[in-house]
1. Inspect the stretch 19-40 for any residue being crowded, with 18+ Cβ neighbours inside 10 Å, of a type in the set (Ser, Thr, Tyr) and not assigned by TED's automatic domain parsing to the domain that holds residue 104 and give the result as yes or no.
2. Just checking, does the stretch 183-198 include any residue being touching a residue at least 60 places away in the same chain (Cβ under 8 Å), among the polar types (S, T, N, Q), assigned by TED's automatic domain parsing to the domain that holds residue 262 and buried (at least 16 other Cβ atoms within 10 Å of the Cβ)?
3. Conditions: (1) crowded, with 20+ Cβ neighbours inside 10 Å; (2) more than 30 Å from residue 87 (Cα to Cα). Residue 295 meets all but one. Number of the miss?
4. Quick one: in the stretch 146-168, of everything that is more than 19 Å from residue 253 (Cβ to Cβ) and over 16 Å from the mean Cα position of the chain (by Cα), which residue is surrounded by the fewest Cβ atoms within 10 Å (Cβ to Cβ)?
5. Considering the stretch 112-133 alone, what residues qualify as being in a strand (DSSP E or B), touching a helix residue (DSSP H, G or I) at 6+ places or on another chain (Cβ under 9 Å) and at pLDDT 80 or above?
6. Can you tell me which condition residue 136 does not meet? The list is (1) outside any helix (DSSP H, G or I); (2) assigned by TED's automatic domain parsing to the domain that holds residue 216; (3) in contact with an Asp or Glu (Cβ under 9 Å, 6 or more places away or on another chain), and all the others hold.
7. Kindly provide the set of residues from the stretch 62-83 that are of a type in the set (D, E, K, R) and in a loop (DSSP other than H, G, I, E, B), ordered by number.
8. Among the numbered criteria (1) among the small types (Gly, Ala, Ser); (2) more than 17 Å from residue 204 (Cβ to Cβ); (3) touching a helix residue (DSSP H, G or I) at 6+ places or on another chain (Cβ under 8 Å), which one does residue 187 miss?
Amino acid sequence: MKTKILSLLRDSKDYVSGQELCEKLSVSRTAVWKVIHQLKEEGYQFDAIQNKGYKMIAEPDLMTKSEIVSRLETTWAGREIQDLKETDSTNADCKRLAEQGAGHGLLCVADSQRAGRGRRGKSWESPPGTSISMSLLLKPGILPEQAPMLTIVMALAVARAINELGEEPCQIKWPNDILFHNRKVCGILTEMSAEMDFINYVVIGCGVNVNQEEIPLELQEIATSLKREMGTLISRAKLVSRILYFFEKVYDQFTQQGNLSFLQVEYNNLLVNRSRQVRVLDPQGEYNGTAIGINETGELLVETEDGKQIAVYAGEVSVRGIYGYV
């Protein structure tokens, strides 16, 4: 009921009477009053006028189930949510729930994350009240070798959602970083449980620096936040809902088509690697080259210094001028 009341009040440009809320929700006036009182305690502000009803005038920046669901425009993504005030890792939470039988589209979110992880075991800090820490559970009917393409799908969804916020577009650093002015605002970590030819589940974790005022001195050359770049507070729940909206659209198209050819142009236009000198940290040895863009399976095409074209499917790719690589 809280979610529905939030949706009704947020969507209305005028006052909504208590009677109207009662009729739409099939509940008593007392039940409505209790929810309004609870919302006030959580930080929502309402203007209440006798014989006119309630009007929402201010909202807190919360990462709660009711706040996110009240904004959702999806069919399946995020329709089941576990929300926590604090956790070690939303990916770990999501994997645990997957092992317990949770379904496709489950979203785990936390207001803060103590032990978030990026690729190659790197840490990702999420202070309370400032960041998005979320993980999405998927049970796709694709082969295990296709799963890495889901990182590309999420990266594009995040970029689309962020690019709705301002005139200046963010960029993507292949395969899993979102950048503003060559500094990281988002990282993505995809983990999978699979058999030889069958995926049990995939968990995609996404951490976004949203409303941080300060970035630790040692990270200021490589990290930033959306607020620092755009100069305004951003609703984390709204951004989550838009990420899920775009992810569902791109994911459904990907699973129908089986490859990423439909998004190559859009993704490559956002790719900071493109036409830049890169260094590929391959297990068999480092090499330099020029990035061309991704192919239809999400591999990064790199032209080496001796003119060969290599499709990079794994490994670290450094871009000259990004994260201290000179």
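The values are calculated or read from the model by the stated rules, or taken from the named source; none is laboratory data. These figures come from a predicted structure and were not determined experimentally. Reconstructed Cβ throughout: ideal geometry from the backbone, glycine too, with neighbour counts over all protein chains shown.
1. The answer is no; no qualifying residue exists.
2. Within the stretch 183-198, not a single residue is touching a residue at least 60 places away in the same chain (Cβ under 8 Å), among the polar types (S, T, N, Q), assigned by TED's automatic domain parsing to the domain that holds residue 262 and buried (at least 16 other Cβ atoms within 10 Å of the Cβ).
3. Of the numbered conditions (1) crowded, with 20+ Cβ neighbours inside 10 Å; (2) more than 30 Å from residue 87 (Cα to Cα), the odd one out for residue 295 is (1).
4. Residue satisfying both the conditions and the ranking: 167.
5. Those that are in a strand (DSSP E or B), touching a helix residue (DSSP H, G or I) at 6+ places or on another chain (Cβ under 9 Å) and at pLDDT 80 or above: 113, 131, 132, 133.
6. It fails just one condition, (3).
7. 71, 73, 79
8. (2)
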